[in-house]
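*Asks:* Here's a structure for you.
The values are calculated or read from the model by the stated rules, or taken from the named source; none is laboratory data. Just so it is clear, the structure is predicted and the values come from calculations on it, not from any experiment. Positions of Cβ are backbone-derived with ideal geometry, glycine not excepted, and every protein chain shown enters the neighbour counts.
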Amino acid sequence: MDNKKAVDLVKRIAKDRDETAFSEIFDYIAPKINAYYLKHNLSSELAEELTQEVLSTIWIKAELFNSEKSKFITWSFTIARNKKIDFYRKNQKNVSSEDVRDFLYENDKSNDYEIESTINKITEELDQNQKKLIKMSFFEQKSHKIIAAELEIPLGTVKSRIRATLSKMQKHIL
Amino acid sequence: MNTTTQKNDLIFSYSSGNLGEAKSLFTSMYLYLNSVASKKASIFDNLLAKNFEDLEGIKLKKIKFSDCIKSKKPSNENVKSKNNPLENIIGDLKNINWKSVYKGFKEFSIPVNDKDSVKLIKMDPGTAVPLHSHNGKEYILVLDGSFCDEYGEYNKGDMQINDQKIKHNPVACNKDGCICLSITENDVVFFGKFGSLLNLFTFIKSFFK
C-alpha cells in the first residue's frame, strides 16, 4: 500500500469513523506489527494482544495523524514501538511513554517529507552490510554479542563497524 | 567520541527504544526543546520505519479488525497533553518542592524506575558548582536560563555530556540563573580546597539512595 492510499484511509477513519477504511488499514499494517513483535521474541499471544492495542490506538487517535508532516508507516511504527516500550516498563506512573510521544508528535516541527532527501542519501551511502547492522542493532535491538554470534564475526568488529556506520550517517544529519 | 556523536547516540537509542526511563525522559525533553535534535530523531525514526515497512507480515490468528474498534465515537478529551513531557510527570515546574543543597543550589529528584538517577537542578544567578569530574557520564540539559563553564555557554535546549576526562566548574549566568535536568550515571568527584569534604559527603549520601 502506498502512503497516499494509507493517508486517505486514515482521513476517512478520522472524519467518518469509516470501518471499511479501518479494515483495509488493519489488513495492511496489523500483520507487519505482529511480525515486528514476534521478531522481538514476544509470544504469539502477546504479539497479537499488543497489535490489537496499536490498531485500537490508530482507530481512536486517527485525528491526531498529521498527513502534512508524517508518513503513515512512520506514525504506525512509532506507536508500535512505544507500546513495546510501555510493555517492558512494568511500573508505569502517571504517564506512559506513548503519551510523551504523542506530545512530541504534536509539537514536532520536523517533517517526514522534508527529510526524505536526507534519508535517501543515507540509504544510498550505506552498503548492504551496514544497513543490516543498523537493522539488527537498532530495529531488532539485538545486543552486539548476539549480532557477533549471528554474523560469526568478533565482538570488537561488530562494535567498530556499527560505530563506523553511525559516523557515516552522521555526516548527513548534522 | 566527540560530543555530537554522543548526543546522536542518545537520540538514536531513544528512537530505537533502547533507553531506560531516566534517559528516555531526558531525551524526550531534549527533543521537545531542541528542534535540531528533534529533526535528527525524525530521520532515525524514518530509517527504522523503512525496516518496518519491509517486514514480511505475519497474519494474526485470533484478532480481527472489529476487535480493535473500541468505541465508535472517541472523545477528544485527553488527546492533547497540556504540559511538556517532564511536567506530565511531576507537574508545573513552578510548583516544585525544591530541596536546598547549599546556598543558591537546589535540586529535586524525579522518581524513575531506573538505575540512572535523574534530577532537576536550580541554580540562582551567579551560583557556582565547585570544580568536579564524574565517575560515569553526566548529561545536563538546560530547561531555563543558562550556565557557563570552561567549555562555553549553554542556553535553553542545549545539552552537555561530561565524562571522567572532563573537569568543569559550571556557573549559573548572572541574569536569570538556570534550571537544568541532569542525569549522573555515577558519583561526582570534586577537586580543590573543599574537594575531599564534598567527596566524603557524596560517599555518605550514597548510603541513603
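*Asks:* Counting just the residues of the stretch A:135-156 that are outside any loop (DSSP other than H, G, I, E, B) and of a type in the set (A, V, I, L, M), which one comes out nearest to B:G17 (Cα to Cα)?
*Replies:* Restricting attention to the stretch A:135-156, the residues satisfying the condition of being outside any loop (DSSP other than H, G, I, E, B) are A:135-139, A:144-151, A:155-156.
If we keep only those that are of a type in the set (A, V, I, L, M) too, we end up with A:136, A:146-149, A:151, A:155.
On the way: A:M136: 13, A:I146: 18, A:I147: 18, A:A148: 21, A:A149: 22, A:L151: 23, A:L155: 22 Å.
Among those residues, the one meeting the criterion is A:M136.
*Asks:* Kindly indicate whether B:S13 is surrounded by fewer than 20 Cβ atoms within 10 Å (Cβ to Cβ), at the interface with another protein chain (Cβ under 9 Å from one of its Cβ atoms), in contact with a Lys or Arg (Cβ under 9 Å, 6 or more places away or on another chain) and free of Cβ contacts under 8 Å to residues at least 24 places away in the same chain. Walk me through how you get there before you give the answer.
*Replies:* On the way: surrounded by fewer than 20 Cβ atoms within 10 Å (Cβ to Cβ): yes; at the interface with another protein chain (Cβ under 9 Å from one of its Cβ atoms): yes; in contact with a Lys or Arg (Cβ under 9 Å, 6 or more places away or on another chain): yes; free of Cβ contacts under 8 Å to residues at least 24 places away in the same chain: yes.
Spelling it out, B:S13 is indeed surrounded by fewer than 20 Cβ atoms within 10 Å (Cβ to Cβ), at the interface with another protein chain (Cβ under 9 Å from one of its Cβ atoms), in contact with a Lys or Arg (Cβ under 9 Å, 6 or more places away or on another chain) and free of Cβ contacts under 8 Å to residues at least 24 places away in the same chain.
*Asks:* May I pose another question? Can you tell me which residue within the stretch A:14-37, out of those that are among the aliphatic types (A, V, I, L, M) and over 14 Å from the mean Cα position of the chain (by Cα), is nearest to B:I58 (Cα to Cα)?
*Replies:* First, pick out the residues of the stretch A:14-37 that are among the aliphatic types (A, V, I, L, M): A:14, A:21, A:25, A:29-30, A:33, A:35.
Then drop every residue that is not over 14 Å from the mean Cα position of the chain (by Cα), which leaves A:14, A:21, A:25.
On the way: A:A14: 26, A:A21: 20, A:I25: 15 Å.
The residue in question is A:I25.
*Asks:* Also, quick follow-up: Suppose the filter is within 20 Å of B:S42 (Cα to Cα), of a type outside the set (V, I, T), in contact (Cβ under 8 Å) with a residue 24 or more places away in the chain and assigned to a loop (DSSP other than H, G, I, E, B); does A:S76 pass it?
*Replies:* Working: within 20 Å of B:S42 (Cα to Cα): yes; of a type outside the set (V, I, T): yes; in contact (Cβ under 8 Å) with a residue 24 or more places away in the chain: yes; assigned to a loop (DSSP other than H, G, I, E, B): no.
No; evaluated as a whole, the condition is false for this residue.
*Asks:* Now for a separate question. Kindly indicate whether any position in the stretch B:40-56 is among the aromatic types (F, W, Y), out of contact with any Leu (no Cβ under 7 Å at 6 or more places or on another chain), surrounded by 17 or more Cβ atoms within 10 Å (Cβ to Cβ) and facing another protein chain (nearest Cβ under 7 Å). Spell out the reasoning first.
*Replies:* The first filter runs over the stretch B:40-56 and keeps only residues among the aromatic types (F, W, Y), leaving B:44, B:52.
Now narrow it down to the ones that are out of contact with any Leu (no Cβ under 7 Å at 6 or more places or on another chain): B:44, B:52.
The next check asks that each one be surrounded by 17 or more Cβ atoms within 10 Å (Cβ to Cβ); those that pass are B:44, B:52.
Then keep just the ones that are facing another protein chain (nearest Cβ under 7 Å); that gives B:52.
Yes, there is a match, as at least one residue in the stretch B:40-56 is among the aromatic types (F, W, Y), out of contact with any Leu (no Cβ under 7 Å at 6 or more places or on another chain), surrounded by 17 or more Cβ atoms within 10 Å (Cβ to Cβ) and facing another protein chain (nearest Cβ under 7 Å).
*Asks:* Which pairs do you get when a residue that is of a type in the set (V, I, T), found in the stretch B:90-116, comes within reach of a residue that is in a strand (DSSP E or B), reach meaning Cβ atoms under 7 angstrom, with the pair 6+ apart or on two chains?
*Replies:* Correct list of pairs: B:I90/B:I110; B:I96/B:F108; B:I96/B:L120; B:V101/B:E107; B:I110/B:V118; B:I110/B:K119; B:I110/B:L120; B:V112/B:V118.
*Asks:* For the stretch B:136-151, state whether one or more residues are polar (S, T, N, Q) and modelled with pLDDT under 90.
*Replies:* Step one: list which residues in the stretch B:136-151 are polar (S, T, N, Q), which gives B:146.
If we keep only those that are modelled with pLDDT under 90 as well, we get none.
Within the stretch B:136-151 (the criterion being polar (S, T, N, Q) and modelled with pLDDT under 90), the answer is no, since none of the residues qualifies.
*Asks:* Every residue in the stretch B:38-70 that is of a type in the set (G, A, S) and modelled with pLDDT under 90, please. Talk me through it step by step, then tell me what you get.
*Replies:* Of all residues in the stretch B:38-70, those of a type in the set (G, A, S) come to B:38, B:41-42, B:49, B:57, B:66.
Listed by number, the residues that qualify are B:S38, B:A41, B:S42, B:S66.
*Asks:* Pick from the stretch B:100-123 the residues that are touching a strand residue (DSSP E or B) at 6+ places or on another chain (Cβ under 6 Å) and more than 20 Å from B:K156 (Cβ to Cβ): which of them is modelled with the lowest pLDDT?
*Replies:* Among those residues, the one meeting the criterion is B:V112.
*Asks:* Can you pull out every residue in the stretch A:108-131 that is farther than 22 Å from B:K40 by Cβ and either touching a Lys or Arg at 6+ places or on another chain (Cβ under 9 Å) or touching a residue at least 12 places away in the same chain (Cβ under 8 Å) (or both)?
*Replies:* A:N129
*Asks:* List, please: which pairs have Cβ atoms under 7 Å, are six or more places apart or on different chains, and start with a residue in the stretch A:39-52 that is under 13 Å from B:I58 (Cβ atoms) and at the interface with chain B (Cβ under 7 Å from one of its Cβ atoms) and end with one that is small (G, A, S) and assigned to a helix (DSSP H, G or I)?
*Replies:* A:T51/A:A30
*Asks:* If I filter the stretch A:18-31 for residues that are of a type in the set (D, E, K, R), without any contact (Cβ under 8 Å) to a residue 40 or more places away in the chain and either touching a helix residue (DSSP H, G or I) at 6+ places or on another chain (Cβ under 6 Å) or more than 10 Å from every other protein chain (Cβ to nearest Cβ) (or both), do I get at least one hit?
*Replies:* Within the stretch A:18-31, the subset of a type in the set (D, E, K, R) is A:18-19, A:24, A:27.
From what's left, without any contact (Cβ under 8 Å) to a residue 40 or more places away in the chain: A:18-19, A:24, A:27.
Checking which are either touching a helix residue (DSSP H, G or I) at 6+ places or on another chain (Cβ under 6 Å) or more than 10 Å from every other protein chain (Cβ to nearest Cβ) (or both) leaves us with A:18, A:24.
Scanning the stretch A:18-31, I find at least one residue that is of a type in the set (D, E, K, R), without any contact (Cβ under 8 Å) to a residue 40 or more places away in the chain and either touching a helix residue (DSSP H, G or I) at 6+ places or on another chain (Cβ under 6 Å) or more than 10 Å from every other protein chain (Cβ to nearest Cβ) (or both), so the answer is yes.
*Asks:* Looking at A:K109, A:K132, A:K121 in this structure, which one is in a helix (DSSP H, G or I) and at pLDDT below 90? Spell out how you get there, then give the answer.
*Replies:* Values: A:K109 fails: in a helix (DSSP H, G or I); A:K132 fails: at pLDDT below 90.
Step by step, each of A:K109, A:K132, A:K121 is checked, and only A:K121 is in a helix (DSSP H, G or I) and at pLDDT below 90.
*Asks:* Now for a different question. Scan A:R101, A:R163, A:R81 and give me the residue that is modelled with pLDDT under 85 and either in a helix (DSSP H, G or I) or facing chain B (nearest Cβ under 10 Å) (or both). Don't jump to the end; show me each part of the working.
*Replies:* Values: A:R163 fails: modelled with pLDDT under 85; A:R81 fails: modelled with pLDDT under 85.
The conditions single out A:R101.
*Asks:* What are the pairs with Cβ atoms under 8 angstrom where one residue, in the stretch B:45-66, is closer than 14 Å to A:T123 by Cβ and among the hydrophobic types (A, V, I, L, M, F, W, C) and the other, located anywhere, is part of a loop (DSSP other than H, G, I, E, B) and at pLDDT 90 or above? Sequence gap at least six, or different chains.
*Replies:* What qualifies is B:A49/A:K71.
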